[in-house]
Ligand code: ADP
Ligand code: MG
């Protein structure tokens with residue numbers, strides 16, 4: 001049974017007169033791992049930011065876990081939700097960025113515990129147990145008391161992933177999670193993300209790393225100029241891309 005957890009319906013987004021997303025529609029079933037591909041500037045980050053309501057869309061609708069993001073419907077009208085409601089919705093949507101943005105003055109353990117303590121209001125014992133478990137999951141149990149500056153980039157990104165998971169998100173959006181890392185360090189982050197896929201997390205991953213997209217993503221969505229150009233099971237997409245734009249893009253990465 002495939003239950004839609006992210007539903008993107010004819011979404012448009014402009015910056016000034018420049019339309020970045022020109023009517024994007026995409027339904028993601030629970031547990032699916034989607035690779036979001038496309039040349040720089042095609043709108044991948046913007047789309048992920050819209051799902052998380054970091055950007056306000058100009059038209060269309062986004063639902064996550066059945067909830068309309070950013071708005072409530074009254075009659076035929078949409079009304080902006082109060083900030084508090086938006087913050088609550090955001091908590092269910094985990095976001096991992098290219099730049100890991102850890103708190104430099106906090107240990108790894110405190111980084112992972114900070115959201116659960118301050119936002120979810122968990123008690124210290126509960127937050128600590130959960131954080132240690134998540135550090136185990138990303139393979140960093142031995143780094144709990146280290147500071148971010150003592151870690152490699154790959155380790156820092158894995159801490160950032162653990163910190164995101166600590167908020168118990170319903171879906172995970174990853175925006176170029178390995179592009180700040182050299183290939184060796186990318187590998188350990190990719191293997192962490194693959195582990196999350198195996199655990200059944202629903203993920204949308206914007207990436208230029210074809211090994212992520214081709215090795216464990218279920219589905220490849222190729223964007224260009226604010227449109228979805230091709231959207232197919234990843235295996236088929238890589239074996240036999242249909243669209244000329246897609247082939248051109250893949251040739252570039254071959
Ligand atoms: P991608 O992640 O696929 O590289 P982006 O979503 O970052 O693409 O950007 C899509 C387009 O939108 C680009 O042309 C970019 O310059 C433009 N853009 C992104 N963010 C902003 C912004 N805050 N203001 C104006 N233009 C933006
Ligand atoms: Mg981007």
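What to note about this one:
- P(r) for the range 60-182, from all Cα pairs and a bin width of 10 Å, is 13, 39, 29, 14, 5, 0 %, short bins first.
- Highest-first packing order for the peptide set 74-82, 172-180 is 172-180, 74-82, based on the mean count of other beta carbon atoms within 10 Å.
- Summed over qualifying helices (DSSP H, 4 residues or more, each -39500 (n - 2.57)) and divided by its residue number, the chain shows a 222 nm mean residue ellipticity of -11000 deg cm²/dmol.
- Cβ-to-Cβ counts within 10 Å put 129, 202 in ascending order as 129, 202, the fewest first.
- Scattering curve values for the range 67-138, log₁₀ I(q)/I(0), Debye with Cα scatterers, q = 0.11, 0.21, 0.25, 0.26 Å⁻¹: -0.41, -0.99, -1.18, -1.22
- 250, 135 arranged by Cβ crowding within 10 Å, fewest neighbours leading: 250, 135
- Share of pairwise Cα separations in the chain, more than 32 Å, in percent: 22 percent
- Candidates 230, 55, 184: whichever shows maximal mean-square fluctuation once the chain is modelled as a Gaussian network with Cα springs under 10 Å: 184
- Mean-square fluctuations from a GNM of the chain, with a 10 angstrom spring cutoff on Cα atoms, peak among 235, 220, 131 at 235.
- Across the range 135-254, counting alpha-carbon atoms alone, Rg and Dmax equal 15.8, 51 Å.
Every number here is computed from the coordinates shown, using simple stated rules; none is lab data. In this text the structure is predicted, and so the values were computed from the model without any measurement. Note that we place each Cβ from the backbone using ideal geometry, even for glycine, and neighbour counts take in every protein chain shown.
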